[in-house]
1. Working from Cα positions, state the angle (0 to 90°, nearest 10) between the long axis of helix A:155-167 and the longest principal axis of chain A.
2. I want to make sure I understand the PRE zone here: with the label point 7 angstrom from the Cα of A:Ser61 toward its beta carbon, which residues in the stretch A:80-101 have backbone N atoms less than 18 Å away?
3. Of all the C-alpha pairs in the stretch A:416-472, what % are more than 13 Å from each other?
4. Which loop-located GluC sites (Glu not before Pro) does the stretch A:194-259 contain, where loop means any DSSP state but H, G, I, E or B and the Cβ has at most 13 other Cβ atoms within 10 Å?
5. Averaged across the residues of A:410-420, what count of C-beta atoms belonging to other chains lies within 10 Å of each residue's C-beta?
6. Going from most exposed to least, what order do B:Arg214, A:Arg383, A:Arg405, A:Arg376 have by accessible area with a 1.4 Å probe?
7. Using a Förster radius of 56 Å, what is the FRET efficiency between A:Thr243 and A:Val329 based on their Cβ-Cβ separation? Nearest 0.05, please.
8. Helix-derived [θ] at 222 nm for chain A: sum -39500 (n - 2.57) over DSSP H runs of at least 4, divide by residue count, nearest 500?
Amino acid sequence: MSQTTVQSPQAEASVRLEHLTKTFPGQRALDDVSLEIRRGEIHALVGQNGSGKSTLIKVLSGFHKPDDGSSAWLSGEPVDLGGLSEQQLASMRFIHQDLALVPTLSVQENLHLASSGRGLFAPFDRRKERAEVRELLKTFDLEVDPDAIVGELSPFEKAAVAIVRALGGASDDIALLVLDEPTAALGATETEQLFRTLRHINGLGVSILYVSHFLGEVLQIADRISVLRNGRNVCVLEAEGTTEQQLISRIVGSDVEKATPPTPPGADRDVLLQVDGLRGPGLTDVSFGVAAGEVVGLTGLMGSGYEKIAECLAGARPFDGGAVVVQGVRFTRLDPATAVGAGMAAMPADRRGLGLIPTFTVAENLVLPDVGRNFRRGRIDRRAEEAEVRHWLEVCDVQPPDPERRIDQLSGGNQQKVMLAKALRLDPKVLVLAEPTQAVDIGAAASIRRLITELAERGHAIVVASSDPEELEELCHRVLVTRRGRIACELRGDDISEDRLVFECQFEGAL
Amino acid sequence: MPQQTEAAATAPVSAGSPRRAPDLGGLLARIGPSLSPRKISGVYLLILLIVFYSLATSTFFSTTTLRTIATEQAITAIVAMGLTIALAAGVFDLSIAGTMGLANIVAAKLMADGGMSPVLAILLTLLVGAGIGVINGLLVTKARIDPFIATLGTNSILLAAIFVVSNNQNILGIPAGFQKIAGNQVAGIPLPVFYVLGLSLLLWYVMACTPLGRRLYATGGGREVARLAGVPTTRYVIGAFVCSATIASLAGVLVVATIGTGSTEVGASYLLPAFAAGFLGATQFKPGRFNIWGTVLAVYLLATGVKGLVLMGADVWVPDLFNGAALILAVGLSGIQRRAKVTEVAPEAGEPATLDDTVGPSTAGATR
C-alpha cells in the first residue's frame, strides 16, 4: 500500500493504523497490521489466543511502543503511537475484562474515583453529586442506584458502570471505546442488555472496538469484523451476510496442515477411568470413560467446565454428586492422596498456585507427593533421592538436569516438564494433564507431546484438558467439548480438527 | 526410555562412587560452597564482632561475659526455635509472648500455691501451651482467620488470662530444687545452654532430615501445592502452632526457674528478638528458608552485638534499637538475596521464569 493514499485525512475514520508491527525479543506479535475503525461504527476484532489482539490493544493504549515504520491516525490527525499526548490518550477509552472497579465502593464513589476535580480535602455535596450521577446514568439509559455497592451489582450492571465511568460525561471528545471480552461474565439475557447499552452509546456517536471470542455475539453486534491470525491481518468482513462458519475458517486459516491423527487403541482395552454423572458448581452430569492407551481431550471455552472436570479428577475441587471410578474402584469423593493411591496422578493447569513450590528446588518439588520413599535409617537418603530425581529429569528431558536448582530458576517449559515428572514418578495408570504445554516454547511443547503419546502407547489412560485446539488435534483419540457445564459433543478421529474444535467450543446455536 | 520406577532401586549402585582415600581438594570442593559468605555471613560477622569487642573493651572477652550471653539468650533461642517451626509452615505466631507469660504464671502457681511437684507442674504447663496452639491452629485453618490477626487476638486474650490467674501479683515461693534446672552447671556450662543444644538438634533433625520436615516446608511454601501433593496441610498448620506454643511455654517455665518468681511481666520482651532471629536466620545456611541453625546463630549474633554495645557504655534503649533494625535489615536482605538470585540465572534460563516474583521465600510465604 502506497503512502500517498493514506496521507489524505480520512474524516470518517476514528482510528486508522497502517503497517503496525510490534516485535518482542524472539517473537513478532504484530506483523504489518492495518486497522480502520470508521466514525460511528462498531468494529469487532477476532482471532485465536496469541493472534495479536491484546498486543494491538496495548499498542493503542500506549502500553507498548510499536516498531518503527508503523503509522497511525486519530480522528484524521497523524499521531505517534509511541508518544501520545495526554489529550490523544484521553480520546480513547479502554474497558478490560476485569472492569477495574472497586467492589467495596458504591456506584457513585466508583464513578468519582479519578475525576473529582477538586482538592484532596475539599468538601463535597453528596446530594448534588448523587443527582449528577443519576442524570449521567440516565443519559446511558441505565437504571442503577448510585448508592448500590458495586460488588453486589449484577454482572451486566458492573459492566455498564465500567462503561459509564470510562466515558464520563464527555462522549463528544471520545474517538474510540475499546471493550475487551465484555460478555465473558454475562449470561444470555445480560449480554442482550449490554448490547442495548452499546448500541445506545454508539447512537451517541462513539465508535467502538469490540474484542471477543464469542463469534455469534460478534456477528450480532458488529458492523465490520477484522480477523487476525498469527499477528497478521487476514481480512475485514461485513458482519451482515457473514456466517459463524465462514468466520471460523478465516480465524483458523485454511493453511493449517492436518496432523496425522494418532492411531486409536484396540476396542478391547480396559476402561481405566470412568467418570459417572459428575455434578458440582458449574458442572452438570458429566460422564465419560478413558481406556488404557487412549488419550481423551477435554476442551471448551474458559469457564465452560472442562477445566473444572480436570480439577475434580485431581482431587483439587470437591464435587457434589456422581462418582469417579479408577481401575474399578468407585470414589464419590476424591482427595489428592486417594487419587494417587488409586493410580491416578494429575498435572494442574495453575503452575504457580497448584503445581510447584517456588522456594523449593527441582528435586524437592519432584519428590514431594511421595517424599517418604527415600526415608531410610531415620533420615531422607539424599543420594538415593538425587539419583531418582536425575532419572526423571532425563526421562522428561528437563534442562538443565540439575536437581539442586531452585525451581523458579527454570524456564516455563522446564517447570512444566518437572510437573510431568512429578506425576509420572507416582507410577500412575491414569494421567490427568491440564494445559500440558501452556506458556511453553515450541521445542518444549513438542517434547512434552511426544512424551504424552509414548505414555499412551505404553498403556496409560490419559486425559488432556486443554484450550489449544492444535494440541488436541495432535494428541487425542477423542475430544469432549463442554458448554455451560455439560459435555456438549464428542469428536473422534478425523473429526478432530482445529476449525471443528473452534466451532464446537464457540457454537451457540443450541442456546 | 525406562519409565517405571526401578530407578529408585538401581540408584544407590550407580550413584555411590567407590570410596577413595581422603583428598583435601575434593573435600574442600564439597564443603566449600557451604562456607561461602553468601550462606554463612552471620558466622563471619559473629567472629568479627567478638574480635572487635574484645579489642575495644577490656571486659568482653571473658568466660563470665560469654557465659552470661549463652545463658541469658538460651530462653530467647528456645522461643525463637519454636517460632521458626510456625514460620516454616507459613504462619505467624504472635501469641508466643502471651503463651510464655501464661506458662510462667501457671507453672509458678501450680508449684508455689498448689504445692505440685515440679515434674507434674511442668507437664501440665506444657499441656496448657499445647492447648493454646490447638486453638490458634483451629482459628487459622477452620475459621480461616489470617494468622497475624488470629494470634494477635489470642495474645491479648492470654494477657488477660495472666492477669486473672495471677491476680496481678508476682508469685513467690518457688521450690529451690526446681530453680536448679536453670541454675546448675555441667562442666562450667549452665544447663539452659544444653537445652538449647538438645532442642536445636532435635528440631534440625526433624525439619531437615525427615519427610515430616519436608512436608512442613511445603505447607509453608505453597499450601495448595502441598495439599494437592497429598500433604494433610490442615494438620501440619495446627501441628506447627502446637509446637510453637508448647516450646514457648517451655521457655516460660525456664523463666520461672531462672528468676525464681512467677512474674506478670514476662513474655512481651521476647517477641521481637524471636522474630528478628527467625527472619535473620532465614538468610543463613539455607538462604530463603527458615531454619533452626540460622535462628540459633541469629539469636547469638544479635545478643553479642547488643552485649558488646552495652559494655561499651551504650544506653538502655540500644537493645530495642538493635533488634528492630536487625529485623528490618534481615527482611530487606532476604529480598535482595532473592532478586540477585533470579537475575543471576536469567540469561541461561531462556524464557523468563514465571514462578518467582510474587512469592518470596521468607517474608511473603509467612503471611498466609
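The values are calculated or read from the model by the stated rules, or taken from the named source; none is laboratory data. Quantities reported herein were computed from a predicted structural model and do not represent experimental measurements. Cβ coordinates were reconstructed from backbone atoms using ideal geometry, including for glycine residues, and neighbour counts include every protein chain displayed. The protein model used for the area step is the full one, side chains on, heavy atoms only, and it has no ligands, DNA or RNA in it. Shrake-Rupley method; radii C 1.70, N 1.55, O 1.52, S 1.80 Å.
1. 50
2. Flagged as within label range: A:81-101.
3. For the stretch A:416-472, the share of Cα pairs beyond 13 Å comes to 59 percent.
4. Taking the stretch A:194-259 and a limit of 13 other Cβ atoms within 10 Å, the loop GluC sites (Glu not before Pro) found are A:Glu240, A:Glu257.
5. 3
6. My answer, sorted largest first, is A:Arg383, A:Arg376, A:Arg405, B:Arg214.
7. That pair, A:Thr243 with A:Val329, gives E of 0.70.
8. -9000 deg cm²/dmol
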